[in-house]
Amino acid sequence: MRAAVLFAEKQPLEVVDVELSGPGPGEVRVRLAATGICASDWHTMTGAIPSPTPSVLGHEGAG
């Protein structure tokens, strides 16, 4: 799948191909058509919310 990845704070996101493991017990896989970057993601990108990198941002999905 393709994901917007933050490799370092205060740097642009990079859209890259990543591998996703299959769903585990009690989980399902949903095909996302689009996802948004919210204020929490923006604060992570700017360093206002410390977060380990690399990090996949965009948790507001539409599937």
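The values are calculated or read from the model by the stated rules, or taken from the named source; none is laboratory data. On a predicted model such as this, the values are computed, not experimentally measured, just so you know. Ideal geometry is used to build each Cβ from the backbone, glycine not excepted, and the neighbour counts take in all protein chains shown. With ligands, DNA and RNA removed, areas are computed over all heavy atoms of the protein, side chains included. Shrake-Rupley method; radii C 1.70, N 1.55, O 1.52, S 1.80 Å.
Quick rundown of the values:
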quantity	calculated
Distance (nanometres) between label positions extended 7 Å along Cα→Cβ at Val56 and Val16	1.3 nm
Heavy-atom accessible area order for Leu13, Leu57, largest first, 1.4 Å probe	Leu13, Leu57
Whole-number percent relative contact order across the chain, with pairs defined as alpha carbons under 8 Å at least 6 apart	42 percent
Summed side-chain charge close to Pro50 - residues other than Pro50 whose Cβ falls under 13 Å, Lys, Arg +1, Asp, Glu -1	0
Trypsin sites (Lys or Arg not before Pro) restricted to the chain and DSSP loop, no more than 14 other C-beta within 10 Å	Lys10, Arg29, Arg31
Unit charges on C-beta of K, R, D, E only; dipole of the chain, Debye	100 debye
Area of Met1 that stays accessible when all protein chains are in place (1.4 Å probe, Å², to 10)	120 Å²
Calculated Rg and Dmax of the chain using C-alpha coordinates, Å	12.7, 37
Accessible surface of the chain [probe 1.4 Å, protein heavy atoms]: carbon and sulfur percent	57 percent
